[in-house]
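Report on the structure given below.
The values are calculated or read from the model by the stated rules, or taken from the named source; none is laboratory data. As the structure is a prediction and not an experimental result, all values here were calculated from the model. Glycine gets a Cβ as well: all are built from the backbone with ideal geometry, and neighbour counts include every protein chain shown. Side chains included, ligands, DNA and RNA excluded: accessible areas come from the protein's heavy atoms. Shrake-Rupley method; radii C 1.70, N 1.55, O 1.52, S 1.80 Å.
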Amino acid sequence: MEHLVAALEATLSTDQNEREAAQNWLDEAKANDKPGLMGALANALVTVDYTTAARQQAGLQLKNCISGQHGLIREEERASWTQIDDSIRTHIKQCALNTLGTEKSHPSTAAQVYAAVSTIEVPLGMWPDAVPMLLSRLDGEGVTEDLTVSVMDALGYLTGDITDIDPNVLQPFANDILTAVVGAMTSSTASAKVQTAAIKALANSIEFCRDNFNSKDERDHIMMAVCNSTLSGDAKVVETSIQCLVDIADVYYHHLQEYMNDALFPIMNTAMRSETTEIALQGIEFWTTIAERELELEDQAEDQMAKGLSPSEVSANYCLAAQDKLLPVLLKLLAQQEEEEDEDEWTVSKAAAVCLGIIAEVIKDAVVDPVLQFVQSNLGHEDWRYRDASILAFGSILSGPSQDKLAEIVVQAALPIVNLIQDNSVVVQDSVAWILGRMIELFPEIMLTPEIFPSLLEALGFALSLPPRVSTNSCWSISSLAEECFNVALSTMDEDAYQPPSYLLSQQYSTVMGALIQVSQRDDLDESGLGVACFDAISSLIQFSAADCYPHVAEATSTFLGRLEATLTMQPQTAEQYKQLLAMQGFICQVLQPAITVLEASDVKSISDKIVMSVVQLLRMGGKSGSEAAEDAFGVISALLRKLERDFAPYFDTVKPLVVEALQNTQHSQTCLAAVGALSDMLLALQDQVKPYVQEFLSLLMEVVAVPDVDRSIKPQVISTFGDFAQAIGRDIVVYLQMLLPVLKTASESATTLESDDEDDIAFMNQLRENILETYTNILQALTDENAKATPELTAISGDIAFVLQFITHICSDPTLSDAVYCVSAGFIGDCLRAFGNEIKGVVSEELVQHILSRAKESGDAKFESTARWMYGHYTKM
Amino acid sequence: MDRLQDFKNKGKTSTVRNRRRENAFELRKQKRFEQTQKRRNVVMADQENNDENTTTATNGTNDKALVPVDNANKKPQLSLENLREALKVILKADDFDEAFKATQLCRRILSKEKFTKPATKIVIESGAVSRLVEFLSVPHDDLLYEALWALTNVSSGTSADTMAVVSAGAIPYLGNLLSRESEKVREQAIWCLGNIAGDGPEPRDLLLGAGIMEPLMATIYSNPSTEMLSTATWVLSNLCRGKKPEPNFEIVKQAIPTFLQLAQHEDVNVQADAMWGLSYLSDGDNDKIAALIEAGGAPIVVNLLTHSSIRILTPCIRCVGNIVTGTNEQTQVPIDLGCLQHFSRLIQHEKANIRKETCWALSNIGAGTRSQVHALIESNVVPSLLYCLAHGDFRTRKEACWAVTNISNNGCDEDVRYLISQGCIKPLVDLLTVQDVKVVEIALDALRNVLRVSQMADGSNPSADWIEEAGGVDHIEMLQQHENDTIYELALDIVESYFAEEDEDVGDIAPQMTESGFALAAPTQAAPFSL
C-alpha cells in the first residue's frame, strides 16, 4: 500500500523521471492484476489519512480503469468491468460512496468513480440501488456541505451520462432525484456550491422527469425553484440556473406558456444585460433556443399540413410576441465588441448576431423595420462598434424576410456598405467583406447591376490586401460572386448550355485571378482560415469561368502545377513546416480538380505527365498519413480519369499501387474513400482494360467491407464499385459472382428496415439502398446481350432476382425512401422485364409498378419520370 | 461552441470540403447512370422540348460538351426577355404563322420550371391571356394547341393566375374543345379544366354553371384512352369537391352512376379518382347518402374495401364512413353488406392513415342503434380499436376515442363492461393530458360511463381503482380547473360522484413575481414529488 501511495503522489512530481517511473509502476500493476489494483486504489481513495494528492490520483486512476481515458464507456470497458469479481466491485462502490464528502479537492473524484460505475451497471440492470444508495447519504444527521456537494456532483455526472445512453432507465428514480435536487437548491442553508451542483444535476435530469413536468403542480414547483435561483447573488448559480432554463425550454417548449410573461421573460431580459458575460450569453442562448424550436415547429406544421394532417404541436410565437422588447436589447448587445477580441471566442456580440439571424427566420418581415431603423441611425456612427453592429444586424437578417420586403432596402444600402470597406476599423472592414458575400448570394440580381458591380469588385479586391480576417471574408465573397455571375449568365441561355461564352467577370477575370494568386503566396495563410478561403475562391473562379476566360484558366493551371512541383523538392525542417507544406499541396490539388474539368482534353494531355508524376510523388510522401492532401490528390486522379478516359491507360501501372495501398489503409477513412472513388473512375474510364486486375481489386474490396469498424460511409461506395466492375468487364463478371452475390444479399438484408428517424441515418440508408440496387442492375445488364436479352450466364443471377424484387417491394413501403432509390428500382424492374420476359410476370406486382409510376409523376424529376415510364412500357407489353 | 459555426463565415471551412466530396459522388453517379441508360434506349421526359436540337456532343466525351453551344441555327432562346418580345407579337399579330411561333415560344418558356412563376406573372400583366383565349377558336390547329397549352400552364399557378384565365372567358371555349377530333387538343383542354375545377368553389361553380358536365360526361363515355379517362375522372371529381359552399347537388349528382362504373375500371388511377368523387358526393346530409344508396352504390363501395391499394382504400373507407353517418336505416345497409368484417381487418392495416380512417368510420357506427353497436362488438374489432386508442398517432387516437365514447354512450351496460375488460381505461386516462379540448371532453365522458357501470352495491368501484392506478385521478382533479365549462362540469361530476373523499383544493399556483422573488401561491405540502 505504501508503494501505491508513493507512486500516486509521484505521478504529480515535478521531476519527469519520477513521474514516468510512477506511471510505469502503475501500468505494470494494472497489467499484472487489474482488479487487484482497482481494489487497492479504492482503499487509497477512501482513507482520509492519506494526502490529498494521493487520494485524488487514486480516484482518477480508478475512474480511468473503469471508463477508459476519454470518459466514454465503450463495449470493451463495459465488458471488462462486468467481468470483475462481485466482491471487488461491491467494495469499490462502497469505497466511492464512503469517500463522498471527505475529499479536500474539488471536483470530487469519488463522485466520478461512483458515476462511472453507475453508468455501466444501471442500464444493465445490475445495480438497481445505485441512485437510492447515493441519495441515502443525504438522510439523517451530520450532513456536511462537502457531502451534499459531492452527492450532487455524482448525481449530475450519472444522470448526464446515463441519459445519453437511455433516459428511461432513470425514470423510476425521477421522484427521488427531484426531491433531493430541488430540496438542495431551495434549502435555506444551501451554499452557492451546493446550489450550483444541484442545478447541474437537475439540468441533466429533466429529460427523464417527463411525468413530473407534465403535472402542473410539480412543474410549478420545479420552475419556481429554478427561477428563484436566478435571483441568487452568486454569478455561478445564476449562470447555471439560466442554463437549466434553456434546457427546459428546449425539451418542454409546450409547457412554457404559464411562465413566459411573469418569470422567463423578465429573467432573460435581466440576464442579457448582465455585466457577467457568461450570464448574458445564457440569456441570449435562451432566445436562440426558443427561436430554433419555433422554426422547427413551423417546418413540422408545414410538413403535416402538406400531408393533410393537422399539426401535432404548434408554435406559441414567443419570438413574435417579444420582438418589441427583445430586438432593441439584441441590437444593443451587437455593439459590445472588444477591440482585440479573439476571433474564435464566443462573445455576447456574436451570440446576439446569431440569435438575431434565427429570429429573423422566424418572424420574417416583422424584423425588418426595427432593425432597419437601427442600421440607418448607426451606419455612420462615430464609434466603430456601432458601425460594425449595424452591418452585423443587417447581414444577420438578410435571409429571413421576403425578398420583396428587402429588395428596395438592399438597393439603397449596397453602395454605402461597399464604401465602408475603407473604414479605419479592421473589425468594420471584416464585417463589410462578409456582408457583401451574403448580399451577392441572396440578391445577385441587385448586386450584379452596372450601378453596383464595379464598386463591389473594387472593394473586394481592396479587401484582399487587408489583414487575414478581412481578406478571408473577401475570398468567400469572391467565391460567391463567381458562382452568381456564372449562373446569371447561364440563365439567359438555352437549357442545354453549361458554359456562357462571356460574363460579367470576363473583363476583370485575370486581375481577380492575379490578386488571389498573390494572396495564395502570403505567409499568413494559416491565420483566420485564409488559406482555405483563398483556394476555394480560386477553385470557384476556375469552375465558374466563362469560355472567354479560357486562356487565364490555362495559365493559372500551369502556375499552380509549377508550384506543386516545387513543393515536392522542399525539405521541411520542423513538424510545423511539414504541416504547412502538406496543406499547400492539398490546396493546389483542390484547384487542379476544376481546372482539369474545365480545360480541353488536348490541353490536359499536354500536362498530364507532370500532373501524374507530382500527384504520385505527393501520395508516396504523404499518402500514408491520411492527410487531406492525400484525399485531394486522389481527387485529381479522378478528375484526370474523367477527362482522359481511355487515354489514362499509360498511367495505370504507376497509379495502381497507390490505390491498393490506400484501400488497405481503412483507418484513414477519407483517403480510403477517395481511393475507392478513384478505382470506380478507373473502371468507368478504362473499362475492360482492367480485366487482369479484377481478382486482385475485388479481394481487396472484400477485405475493406469485412473490417468491422470501418467508417460507415465507405461500404455503400464499395458496393457501387462492384457494379462498376460488372459494367466494365461484362459477362466475365460471372466468375466473381460467387464472391459478390452473398455480400450484396447481406447488405440488402441490413438495408431492409430502417429503425431511426435521424436525418443522417435516413440519408445513409437511401444511399446504401440506391447503391445496392444500382449494382444489381449493373450485374443484370452485364449478363444480357446488346438487345437486353438473356445470355446463358444470366442463370447465375436468376435465383436472386425474386429476392431483389421482394427487397424493392419491401422498401417501397418506407415513407423516407428517396426518389433516387425509386428511380434505380424502376430501372432494375424494367431491365428484369426485358431480360426475363413473361417468366417474371408473376413476380412483379401491378401494385408495385403503379406505385412507382405515380411516385414518379409526383416527383417532377425528369430522370425518374422517364425511367418509370420506360419501365411501365415494358410492363404493359407483357 | 457549436454556435460559432453560425457566425459570419466561420462554418464555411467544413462545408466546402463536404461540397467537394459530394460533387465527386454526383459526377460518378451521373456517369454510371448514363452508361446504364445507354442500354435501355430510354426517351428522356423533357426531350419534347429539345425536339429539333442539333446534338452538340455526339461522341460522348465530356470535353466536347464543354464547348459553348453554337446558337446560329437554333430556336430562339428561352428567356424572360424573349417572352416579352413574344407577347408583343401575340398581342398584335394578324398572321397565323407569326402568332404560332410567338405562342409556341411563350408556351415553351412557361413550361420551363425555372421560368414558370415569373413568366406567368409577365404573361398576365401583358394582357395576353384574353388574346390566347381568342386563339382557342382559330381554325389553325397548331396555334390553337399552343395557346391552349400556354393557358393550361397559366391556370396551374396561384388562384389569381387561374382566375385570370377564367375571367378572360376561357370556360366556354374549353367546353367546346372537348368535342374536337384531335386527341391531344382534347387532352390538353381537359387538363386546363382540371386546373380550374381544382382551384376552389368559385371557379368550380362557374364551370358547373357553364354546363361543363355535359361535354365532360360525353368525353368519359367516348371510349377514350386510359390516360385521358384518368384525367377526365379527376376533373369530374374536382367538380364534386368542396364544402364552402357545396356544389349544386342537383347538377353533380348525375355523376354518381358514372363514378360507380369508373370505380370498377381496371386502371387504379381512374378508380381512385372515381372513389374520391363518390366520397365527396356522399359527404353531407342524408339525401346525399340516399342518392348513393339508390344508385346501387353500397355493394360496390363495400366490396372495394377488399382492394389492395391504399389509394383506393382511403376514399372507399370515407365513402362507407359517410353512409354510416346517415339514418339508422342507411347505416344498416353497409352493415348488412358485411362492412364490419372488412373494418376489423383494415383497422390492423400497416398504413397509419388507413387505421385512422377506419377508426373514424367505426365511430359513426358506434353512434348508431344498440343493435348496430352489438354488431360492431360481435365483429371482434374492439381489441384492435383499443390498440389504436393506446398506440396510434394522435389523430388515430382521437378517432378511436370517439368510437369508444360513442359505444359507451349507445351500447348497453354489458357493452361498457366489455370495453373495460378489454383494457380501455389506461388509454382513455392517457388522453386526459392532451392539448385537444374536445378529446379530453370525450375521454372524460367515456370514463364517466365506465365508472357508472362499475359502481357496486357495497360502494366499491373497481374501475375507480384502475383509474387511480393509471394516474387518472390527479388528471381529473386538475381538469376541475379547466377553462372549458363542459370539461370542468364533467370532471367535477366524476370527482364528486366517485372520488369525493380525495377532493382537495388546489389554487392557482403559477409563479408570480413578488418582491422576494417568484413564489407559489399556496404550496401546501413540501415538494409534490416527494409524496
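Structure above, values below:
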quantity	calculated
Mean-position separation - Cα centroids, region A:544-604 and region A:6-56, in angstrom	54
Mean Cβ neighbour count within 10 Å, used as a protection proxy, ranking A:375-384, A:287-296 highest first	A:287-296, A:375-384
Of all accessible heavy-atom area on region B:440-499, the percent that carbon and sulfur account for (1.4 Å)	44
Rounded to 10°, Cα long-axis angle of helix A:819-836 versus longest principal axis of chain A	50
Ranked by how many other beta carbons lie within 10 Å on average, peptides B:182-193, A:186-197, A:817-828 from highest	A:817-828, B:182-193, A:186-197
Size descriptor, Kirkwood hydrodynamic radius, that averages inverse alpha-carbon separations across chain B, Å	28.7
Fully extended contour minus Cα-Cα distance, from residue A:487 to residue A:399, at 0.36 nm per residue	29.7 nm
Simple spin-label estimate for residue B:141 and residue A:876 in nanometres, 7 Å along Cα-Cβ	2.1
By average C-beta atoms within 10 angstrom, highest first, the peptides A:395-406, B:214-225	A:395-406, B:214-225
Accessible area (Å², per residue) of the protein assembly as shown, counting only protein heavy atoms and a probe of 1.4 Å	43
For region A:626-643, Karplus couplings with θ = phi - 60° (6.51, -1.76, 1.60), whole Hz, Gly/Pro x	x, 6, 5, 4, 5, 4, 5, 5, 5, x, 5, 4, 4, 4, 4, 4, 5, 7
Cα pair distances of region A:175-325 binned at 5 Å [whole percent]	2, 9, 19, 20, 19, 14, 8, 5, 2, 1, 0, 0
Accessible surface of chain A, 1.4 Å probe, proportion on carbon and sulfur as whole %	49
Cβ neighbours within 10 Å from other chains - mean over A:210-220	5
All-pairs alpha carbon distance profile, region B:340-433, 10 Å steps from 0, percent	19, 56, 24, 1
Cα centroid separation, region B:97-164 to region B:326-361 (Å)	46
Per-residue mean of C-beta atoms belonging to partner chains within 10 Å, peptide A:261-274	1
0 to 90° range, to nearest 10: angle between helix A:86-99 axis and chain A longest Cα axis	60
Integer Hz, Karplus 6.51/-1.76/1.60 couplings in order for region A:869-874, x for Gly and Pro	5, 4, 4, 4, x, 6
Cut-off 13 Å between beta-carbons: net charge of the residues surrounding residue A:729, Lys and Arg +1, Asp and Glu -1	-2
Net charge over other residues, Cβ less than 12 angstrom from the Cβ of residue B:220 (K, R count +1; D, E count -1)	-1
Environment charge of residue A:385, counting only residues whose C-beta is closer than 11 Å and scoring Lys/Arg +1, Asp/Glu -1	-3
Per residue, the convex hull volume that the Cα atoms of chain A enclose (Å³)	216
Kirkwood Rh (inverse of mean 1/r, distinct Cα pairs), region A:533-586, angstrom	12.7
Kirkwood-based shape ratio for region A:738-878, expressed as Rg/Rh from alpha carbons	0.95
Cα point-scatterer Debye curve for region B:273-424, base-10 log of I(q)/I(0) at q = 0.09, 0.11, 0.14, 0.15 Å⁻¹	-0.24, -0.36, -0.60, -0.69
Over region A:430-568, volume per residue of the alpha carbon convex hull, in Å³	103
Region B:389-453 - convex hull of alpha carbons, volume per residue in Å³	66
Convex hull of region B:203-339 built on C-alpha atoms - directionally averaged projected area, nm²	7.7
Hull shadow area, averaged, region B:440-499 [alpha-carbon convex hull, nm²]	3.6
Principal-axis tilt of helix A:192-205 within chain A, Cα atoms, nearest 10 degrees	40
Positive-end residue of A:615, B:434, B:358, charge dipole of the protein assembly as shown with Cβ unit charges	A:615
Projected label distance in nm at residue B:290 and residue B:160, using a 7 Å step from Cα toward the beta-carbon	4.5
Centroid-to-centroid separation of region A:369-420 and region A:478-507 [C-alpha atoms, Å]	28
Other protein chain Cβ atoms within 10 Å, averaged over every residue that makes up A:868-875	2
In sequence order, calculated HN-Hα J values of region A:30-47 (Karplus, 6.51, -1.76, 1.60; Hz; x Gly/Pro)	5, 5, 6, 7, 4, x, x, 4, 4, x, 5, 4, 4, 4, 4, 4, 7, 7
Of A:863/B:114; A:34/A:193; A:656/A:691, pairs whose Cα-Cα distance is over 24 Å	A:34/A:193
R0 of 60 Å, Cβ-Cβ distance residue A:408-residue A:803: FRET efficiency to nearest 0.05	0.45
